[in-house]
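K.L.:
I am attaching a structure below and will ask some questions about it afterwards.
The values are calculated or read from the model by the stated rules, or taken from the named source; none is laboratory data. Keep in mind that this is a model prediction, so the values were computed, not measured. Neighbour counts are summed over all protein chains in view; Cβ atoms, including those assigned to glycine, are modelled from backbone coordinates with ideal geometry. SASA here: full protein model, heavy atoms, side chains in, ligands and nucleic acids out. Shrake-Rupley method; radii C 1.70, N 1.55, O 1.52, S 1.80 Å.
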Amino acid sequence: MGGGTSKADAGPEARKQPDLTRFKARVDRVYIGGLSRTYDDYVQRAARHLFKATNFQDVIIETANVKDELLRLGIYKNLRISIDTSKGDGASPNGYTVAFQGEELSRITGSVGVEVGQNDGAATTELVTPNLFGRGERLSLNWSHSYVRNSVLNLKLTKPYLHTAVGDYEPETSITIFRHSSPSPWAKYRTEDNGMLLDFSFAIPGLRFNNSLQYELGMKELFAIDKQTPFFVREHCGPRLASTFRYICQFDGRDDNVFPANGAFVKSTTELTGSRLSQLGIVRQDLHAELNVPLFLGMSLQLCGRVGTILHDKKKEALPINQLFFPGGPQSLRGFELAGACPRRDGIAAGCQSYWATGLHLWSPLPFNQYFGGFGNLFRTHAFYNIGTCNSFTTDKLRSTAGVGLALRMGQKARIEFNYCQPLSYEVGDRVVKGFQFGIGFDFV
């Protein structure tokens, strides 16, 4: 009706957002409020880029960045922003005042939840005292117990250095006192670890590169699970002092942690272990890599690989069985039971000092995915081919499996896989799974 123009008839120019870069602006003052036990120098660095803004668009963008950085400091429960023109003495003609007002975290917080591990799930409880000394320090007590009877008890003190001149590299130190207990039913032993872990971590943000330097000192004790535990396992039982230097580096350039369609991922863990500094004779290296290539119609191609090796100085201490690799299972070689693709002795898995495994996947959304709405984005189908072997970096004694499966996203890091597996090659004594196999975790090959 009438000669007016409806909103639906408005052209692209009418719907175009205003160009805020045309409006000159600068930030005269920044207020950060709502803090009672936090030192000023811990939050001042977060607002440094706001004073470089030259137009109103810059002010809006940098304000959002400052809010993210303040929340990352671990001192606020929530945060509100207000932008107003500058008033009073010292106000410039195009000046603005930006205020951040929030509620500080309680002195003690807690949580109860469920955590997903590698083919495992655990109930977790955590008590935290955030911002303990006023500069982001954090003391946490964590306990978890899984359905496979893994138990973890950690007391951890963390000190960040985000407010320093090297804050862009996210440096952080921590000290952890721990008690871990985990069974290994495939080799009929149980491990109890008690000790202390020192950690220094930092990042290279522009390269998406994270690093962690660790030193672990503790007592590791192995127990026989039952009377059927063979002698070659029992000879490793008993307490043993362990001193470990560890370096972990990780590059993550993927567009998603669970169902990536593009990008690469590399994680390397190197350990040097011995009962004391003069007996450091075990070097353990584990490398996981992943490459994702987008195709068409939402499909993607994924190539994964994992390599592990142990170098042992036989002139020093013996190599404990819990240091060995036990390949096999839905996270490494599908179509095999957990630790089902390694040498066996006296009817149980004996482990290996080296292994490699690769996987080729073709990932695809569900058919007619658009009819399922957002729920359909939680699922992916894939066809896969896994191949690998142990105690050799050649093509001798290869294990391989082909199959298809359905994967379900669990949060932002883990997934569940329901796969139909057909083992194609395996060795005598291997424990294979022909048919359906279930897997849950966050690192898959």
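K.L.:
List the lysines whose Cα sits under 17 Å from the Cα of K52, skipping any in the same chain fewer than 8 residues away.
P.N.:
Straight-distance partners of K52: K24, K67.
K.L.:
Expressed in nm to one decimal, what extension gain is obtained for the pair F231 and K314 from 0.36 nm per residue of sequence separation less their Cα-Cα distance?
P.N.:
27.8 nm
K.L.:
I would also like to ask the following. Leaving out ligands and nucleic acids, and using a 1.4 Å probe, what accessible area per residue does the chain come to in Å²?
P.N.:
About 54 Å² of surface per residue is accessible.
K.L.:
H145 versus L198, label points 7 Å from Cα toward the beta carbon: distance in nm?
P.N.:
In this crude spin-label approximation the distance works out to 3.4 nm.
K.L.:
Taking a 1.4 Å probe, which of W363, W143 shows the most accessible area, and what order do the others take after it?
P.N.:
W143, W363
K.L.:
Considering amide H positions built from the backbone, and no H for Pro or chain starts, which residues 5 or more places from R344, or on another chain, come under 5 Å of its amide H?
P.N.:
Residues meeting the amide H criterion: A350.
K.L.:
Moving to a separate point now. Just to confirm a number: summing +1 for Lys and Arg and -1 for Asp and Glu over residues other than L406 whose beta-carbon lies under 10 angstrom from that of L406, what do you get?
P.N.:
With Lys, Arg at +1 and Asp, Glu at -1, the net is 0.
K.L.:
Given 37 °C and 0.692 mPa s, how large is the Stokes-Einstein diffusion coefficient of the chain in µm²/s, with Rh as the Kirkwood radius over Cα pairs?
P.N.:
D, rounded to a whole number, is 127 µm²/s.
K.L.:
What's the carbon and sulfur percent of the chain's accessible surface, probe 1.4 angstrom, rounded to a whole number?
P.N.:
Heavy-atom surface of the chain belonging to carbon and sulfur, 1.4 Å probe: 59 percent.
K.L.:
Taking θ = phi - 60°, what integer Hz values does the Karplus form 6.51 cos²θ - 1.76 cosθ + 1.60 yield along the stretch 274-282, in sequence order, with x for Gly and Pro?
P.N.:
Working through the residues one at a time gives x, 6, 7, 4, 6, 10, 6, x, 10 Hz.
K.L.:
Which pairs in the list K188/K314; K227/K316; K267/K413; K188/K267; K188/K227 are over 20 Å apart, alpha-carbon to alpha-carbon? Walk me through the numbers before you get to the answer.
P.N.:
Numbers: K188/K314 25 Å; K227/K316 31 Å; K267/K413 15 Å; K188/K267 29 Å; K188/K227 9 Å.
Among K188/K314; K227/K316; K267/K413; K188/K267; K188/K227, the Cα-Cα distance tops 20 Å for K188/K314; K227/K316; K188/K267.
K.L.:
Students often check this: by mean Cβ neighbours within 10 Å, which of 194-204, 365-375, 339-349 ranks highest, and how do the rest follow?
P.N.:
Highest-to-lowest ranking by the protection proxy: 339-349, 194-204, 365-375.
K.L.:
When the helices in the chain are scored as -39500 (n - 2.57) per DSSP H run of 4 or longer and the sum is shared across all residues, what 222 nm value do you end up with, to the nearest 500 deg cm²/dmol? The partial results should precede the final answer.
P.N.:
Details: 4 runs with 30 residues, N = 445.
That comes out to -2000 deg cm²/dmol.
K.L.:
Spelling out what I want: for every residue of the stretch 226-239, take phi, set θ = phi - 60°, compute 6.51 cos²θ - 1.76 cosθ + 1.60 (Karplus), and round to whole Hz; glycine and proline get x.
P.N.:
8, 6, 7, 5, x, 5, 5, 8, 4, 5, 8, 6, x, x
K.L.:
Going by Cα centres, the stretch 276-326 and the stretch 116-167 are how many Å apart?
P.N.:
With the stretch 276-326 and the stretch 116-167 each reduced to a Cα centre, they are spaced 25 Å.
K.L.:
For the pair V428 and I175, what calculated FRET efficiency results from E = 1/(1 + (r/R0)^6), where r is the Cβ-Cβ distance and R0 = 60 Å, to the nearest 0.05?
P.N.:
Computed FRET efficiency for I175 and V428: 0.80.
K.L.:
Ok, one more. If the cut-off is a Cα-Cα distance under 19 Å, which aspartates and glutamates reach K315, setting aside same-chain residues fewer than 8 apart in sequence?
P.N.:
By straight Cα distance, K315 reaches E235, E271.
K.L.:
In sequence order, what are the phi-derived ³J(HN,Hα) couplings for the stretch 19-25 according to the Karplus relation 6.51 cos²θ - 1.76 cosθ + 1.60 with θ = phi - 60°, rounded to whole Hz, with x for glycine and proline?
P.N.:
Working through the residues one at a time gives 8, 6, 6, 6, 9, 5, 7 Hz.
K.L.:
Any idea of D40's accessible area? Nearest 10 Å², probe 1.4 Å.
P.N.:
About 110 Å², ignoring ligands and nucleic acids.
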